[in-house]
Amino acid sequence: MLIKFLMTEEQLPSMENEEFFYLDPFITLGMWPDLIKKSKEGGLDAIETYVFWNAHEPSRREYDFSGNLDLIRFLKTIQDEGLYAVLRIGPYVCAEWNYGGFPVWLHNMPGIELRTANGVYMNEMENFTKLIVDMVKQEKLFASQGGPIILAQIENEFGNVQEAYGDAGKAYIQWCSNMAQSLNVGVPWIMCQQSDAPQPMINTCNGYYCDEFTPNNPSSPKMWTENWTGWFKNWGGKDPLRTTEDLAYSVARFYQTGGTFQNYYMYHGGTNFGRTSGGPYITTTYDYNAPLDEFGNLAQPKYGHLKELHDVLHSMEKILTSGSVNNTNLGNSVAVTMYSLDGESSCFFSNANETTDATISYKNVNYNVPAWSVTILPDCITEVYNTAKVNTQTSIMVKKLNDAENEPISLQWSWRPEMIDDAIILGRGQSSVHELLDQKVVNDTSDYLWYMTTVYINKTDPIWSDDMKLRVNASGHVLHAYVNGQYLGSDWATYGIFNYVFEEKVKLNPGKNYISLLSATVGLKNYGPHFDTIQSGILGPVEIIGKIGDESIIKDLSSHKWSYTVGLKGINNKLFDENPKYNTRKWDSHDVPINRMMTWYKTTFKAPLGNAPVVVDMQGLDKGTAWVNGQSIGRYWPSYLAEGSCSLDPCDYRGPYSADKCTSKCGEPTQRWYHVPRSFLSSDENTLVLFEEFGGNPSLVNFQTIEVGMACGSAYENKTMELSCNGRPISAILFANFGETEGSCGSFGKGSCSSEQDVVSVVEKECVGKEKCLVQASESVFGTTNCGNNDKRLIVEAVC
């Protein structure tokens, strides 16, 4: 539900209590309606979306708005569900997206400098921005035309890096404002993280907490464009977790302190299909610990706890919009905020103390407010919601074997090698220059670029010795080295440190020697000052080092003639497609090799039965790319284990969140499971194709579904517990208690007090055999307890 507003070019919409979220439009087309419907059911009012320049204009003045890139269809799907939209054109987006959403051909335009007062860049940015605005106007999708789009954004988080651009950066932001206003979209423009946003731009906040944010114009609404619901993952990174209680706390605090607009980034993060992930080293999963998980399932309890919060805020809509505000600071980080209108009032009680619960005496009634929480009382009398008291079930998701066939045994593999002889033996390239090139020079048409040169050396050369090495300075982010057709070795970067030195002993022949270096990127950098200028590929120098005694002699090959070939033959010829360009070599089903570099594998499989989301288990593989029925499901790298240490202590929601708090799965594969959207699958036979870059074993690969395996209900006294198996029946109740309970979902035990009745039998009667059940948490249902004045909860653990 949205409050009504009048939208004119001069007048801002009244946006108290609006809940928004960011949803990636490059989730598959078939998932859009379900995700948008679930978002609305979760109490949201509008959807934010970026517009990805590199996806829509992959080559200069060549545009693509087909299929999953159909921006207009996406916006109309939002409109059809009765929601509003926020169009974040950017066109720089960050988003852990490849090159921040910029097309790499921009980088290669003569005289260009990105995100600054540069005529070449500004001309291209204005052209794309106008293109998007004109498309949207033509379909009458701006609110000023009766459409769903109530806000538009230009640029993105430039204020975080503006200092590095000096006066040219200030001039650029002023130009952005003028250009945006000249487009006459009839809705307000916003700039996030831009404290000096020129009027009438509205500057907004991004971060984990924005309750202390103040806009730069007193007449501007207090707006939060990105409330980070979790964090992204990188290869080698641990699983992040932002607790439900902390996320709800941040939202309630924001509205307590006068917030008018709050957007979740992400509400659904989804999957980085294809080569869309940036970073570099951002994983294929972009789950982001969001309320709707990567596969579109409700991530409980986060989804449900936030839905309850949204419902309460919507019920207070009028008084928060038009009421007067009175704040009382009670000390020790405890505060009371009262909104009043026409003799009625609504209250927020907040306790920002990280360790100590607070008792607030208000109108002769005592209220207990747990540490790091907010209590909401719509009538300033009755506590309806507290951010730390979760009355929503926890769903434990499980993976189930493919019931359509016996995998992995049933998967019959065939293979073929990647043809690299032209590169490693003959050194043949598509072009050549006497220098080492930044890999972006090829406009990022592939992860892969061959660097090839020859070196002539004889036994009288000063460098000749029995102890010679090849040394390569690279930032590719992966390097494979071959000398005279023989594999020499590989190296790769780690997240955050992308320049590295490869050095291996090498045996050269007298005369002509071929040196072939394959550089592979894992997403281009997407954030930071001048991020677009950071080189990728083989930076150099590339050197031969001869050691004679204590003396080292270096031969620098950097200015030699280097030949270049973009991509790999199998990818360029689309071996993953049903009808590849060139198919002169057959796939071999005999003696399928394992742990062999640069190898293609193919198999067919049956889609798992039912409608549950599908994942493929890549255990046993190393690094590469996967396609299902010709569609890329992204890069895989299950051999890259999560580094660092993880605490075994329960996660404490109290205190400020950071990406390093509450991490898990240290020492496990960064990502083992990969999403295969149902829309990629056919009801008949399906094909999986793998390109294995490092060398792995496909024999363990199998497809599974993800479903709710266990549901743990929770309800404080006098609240109603809802238990659901997401469309499947509740089969058994393993635990139930009304009183005090210890432990967590899957390992509950009774605490110091309980009700006098057999809680399990009561819950079994109400829930077993049903897809969903409701049970009141009260002594009238379960009998009296010996808990005294302590908080009592109904806790149930059910099997689906």
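Listing for the model above:
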read-out: Lone cysteines, the chain (no partner Cβ under 4.7 Å); value: Cys94, Cys176, Cys192
read-out: Cα lying deepest toward the dipole's positive end in the chain, options Asn368, Pro729, Thr276, charges on Cβ; value: Thr276
read-out: Where only C-alpha atoms are counted, convex hull volume of the stretch 319-386 per residue in Å³; value: 77 Å³
read-out: Spin-label model distance (nm) - Trp175 vs Lys574, 7 Å beyond Cα toward Cβ; value: 3.9 nm
read-out: Label point 7 Å beyond Cα of Glu771 along Cβ direction - residues of the stretch 27-44 with amide nitrogen under 18 Å; value: 34-35, 37-39, 41-42
read-out: Theoretical gain in end-to-end length, Val161 to Gln412 [0.36 nm per residue, Cα-Cα removed]; value: 85.2 nm
read-out: Per residue convex hull volume, Cα atoms of the stretch 63-104, in Å³; value: 92 Å³
read-out: Taking all pairs of distinct alpha-carbon atoms in the stretch 258-354, Kirkwood radius in angstrom; value: 16.6 Å
read-out: Relative contact order [Cα under 8 Å, 6+ residues apart], the chain, whole percent; value: 12 percent
read-out: Considering only the chain, percent of DSSP beta bridges that pair antiparallel, nearest 5; value: 80 percent
read-out: Residues of the chain: accessible area per residue with a 1.4 Å probe, Å²; value: 40 Å²
read-out: Kirkwood hydrodynamic radius (C-alpha pairs) into Stokes-Einstein, the stretch 198-341, 10 °C and 1.306 mPa s, D in µm²/s; value: 93 µm²/s
read-out: C-alpha center-to-center spacing [the stretch 226-244, the stretch 385-449] in angstrom; value: 21 Å
read-out: DSSP-assigned coil residues among chymotrypsin sites (Phe, Trp or Tyr not before Pro) in the stretch 503-597, each with at most 13 further Cβ atoms within 10 Å; value: Tyr582
read-out: Bins of 5 Å, starting at 0 and running to the largest distance - Cα pair percent for the stretch 564-699; value: 2, 9, 15, 17, 17, 13, 9, 7, 5, 3, 1, 1, 0
read-out: Carbon + sulfur, % of accessible area of the stretch 654-706 - ligands and nucleic acids excluded, 1.4 Å; value: 44 percent
read-out: Peptide ranges 211-217, 623-629 listed from the most packed, as the mean C-beta count within 10 angstrom indicates; value: 623-629, 211-217
read-out: Fraction of accessible area attributable to carbon and sulfur, the stretch 266-421 (%, probe 1.4 Å); value: 50 percent
read-out: Cβ-derived FRET efficiency at R0 51 Å, Arg596 paired with Lys37, nearest 0.05; value: 0.65
read-out: Using alpha carbons only: equivalent-ellipsoid semi-axes of the chain, gyration tensor based, whole Å; value: 50, 34, 25
read-out: Gap separating the Cα centres of the stretch 718-764 and the stretch 321-361, nearest whole Å; value: 34 Å
read-out: In nm, spacing of pseudo-spin labels at Gln757 and Ser683 (7 Å Cα→C-beta vector); value: 4.7 nm
read-out: Segment Asn368-Tyr63, length gained on full extension (0.36 nm per residue, minus Cα span); value: 104.0 nm
read-out: Prolate/oblate/rounded call for the stretch 632-734, Cα gyration tensor, a/c under 1.5 rounded; value: oblate
read-out: Stokes-Einstein D in µm²/s, Kirkwood radius over Cα pairs - the stretch 569-629 at 10 °C with 1.306 mPa s viscosity; value: 113 µm²/s
read-out: Segments 747-758, 437-448 sorted - mean Cβ within 10 Å per residue, highest first; value: 437-448, 747-758
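The values are calculated or read from the model by the stated rules, or taken from the named source; none is laboratory data. Just so it is clear, the structure is predicted and the values come from calculations on it, not from any experiment. With ideal geometry, Cβ positions are generated from the backbone for all residues, glycine too; neighbour counts draw on all protein chains shown. Note: areas computed on protein heavy atoms with side chains; ligands, DNA, RNA excluded. Shrake-Rupley method; radii C 1.70, N 1.55, O 1.52, S 1.80 Å.
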